[in-house]
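Report on the following structure.
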Amino acid sequence: MRYKAGWLVQNHILALTHFEPVVTMEDFRDIARDAHMALQEVTQPFHLLIDNRIIADRTVATLDSMLKALPILQHEHLRWIVVVLPEFVKETAVARQVERHGTIQLKLVDSLTSAFRHLVREDDRIDGVAGMESSWSDWISYPDNPIATGEE
């Protein structure tokens, strides 16, 4: 398995994590397909959490480039896209501004914990950081990928 995409919290937080440092065109196509399938039933505000910690590409995508590459993300109920930056550029997260396109906002962060904190702060429907960390640990198992679980 090269990545995992799906509902971290059903119809509330869609998540994507990578298990390989290079995202292929086939991966990209499959991720788009998985996102399309997941978004078929969404009728309430939701967020997208992208874990790019192990990605090797030094280019950090802008909100506009994400929306152009994956038009399905221009969903009427999408509120936040929170991206955990790759390890070698994570220190730049603090200096990066929130990007906006209509009701969609992009926040770049330096860790999963920062991502969880942001989502908890922005959405009172989320129980708390501990709940998010527990959900993530349940969603990605250590044997599947120790880095994706936050263990390394």
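Coordinate-derived values only; no laboratory data. Note that this is a predicted model, so its numbers are computed, not measured. When we count neighbours, we look across all protein chains shown, and the Cβ atoms used for this are built from the backbone with ideal geometry, even at glycine.
Apply the Karplus curve 6.51 cos²θ - 1.76 cosθ + 1.60, θ = phi - 60°, to the phi angles in segment 117-127 and return the couplings in whole Hz, x for Gly and Pro.
Result, ordered by residue: 4, 4, 5, 5, 5, 8, 9, 6, 7, 8, 5 Hz.
For the chain, modelled as a GNM with alpha-carbon contacts under 10 angstrom, which of Lys107, Lys68, Lys90 fluctuates the most?
Ranking Lys107, Lys68, Lys90 by mean-square fluctuation puts Lys68 first.
Test of understanding: in a Gaussian network model of the chain with alpha carbons linked when under 10 Å, which of Asp124, Asp57, Asp138 would top the mean-square fluctuation ranking?
Judging by the Gaussian network model, the answer is Asp124.
Over the Cα atoms of segment 71-135, what is the Rg over Rh ratio if Rh follows Kirkwood?
Radius of gyration relative to Kirkwood radius: 0.98.
Taking 0.36 nm per intervening residue step and subtracting the Cα-Cα distance, what contour gain separates Ala130 from Glu99 on full extension?
Numbers: separation 31, 0.36 × 31 = 11.16 nm, distance 2.69 nm.
Gain on extension, Ala130 to Glu99, equals 8.5 nm.
With labels modelled as points extended 7 Å from the Cα through the Cβ direction, what inter-label distance (nm, one decimal) is found for Ala69 paired with Met25?
Here the modelled spin labels are 1.5 nm apart.
Assuming 1.002 mPa s and 20 °C, estimate D for the chain with Stokes-Einstein, Rh taken as the Kirkwood radius over Cα pairs, in µm²/s.
Details: Rh = 15.5 Å.
Diffusion coefficient, whole number: 138 µm²/s.
Taking 7 Å along the Cα-to-C-beta vector as the label spot, tell me the Gln40-Asp138 distance in nanometres, rounded to one decimal.
Distance between the two pseudo-spin positions: 2.4 nm.
If the elastic network links every pair of Cα atoms under 10 Å, which of Leu16, Leu70, Leu119 fluctuates the most in the Gaussian network model of the chain?
Of Leu16, Leu70, Leu119, the most mobile in the Gaussian network model is Leu70.
Explain nothing, just compute: Karplus ³J(HN,Hα) = 6.51 cos²θ - 1.76 cosθ + 1.60, θ = phi - 60°, for every residue of segment 7-24 in order, whole Hz, x for Gly and Pro.
7, 6, 10, 3, 6, 9, 9, 8, 10, 9, 9, 10, 10, 10, x, 10, 9, 7
What number, rounded to the nearest 500 deg cm²/dmol, is the helix-based mean residue ellipticity at 222 nm of the chain, given -39500 (n - 2.57) per DSSP H run of at least four residues and division by all its residues?
Only helices count here, giving -8500 deg cm²/dmol.
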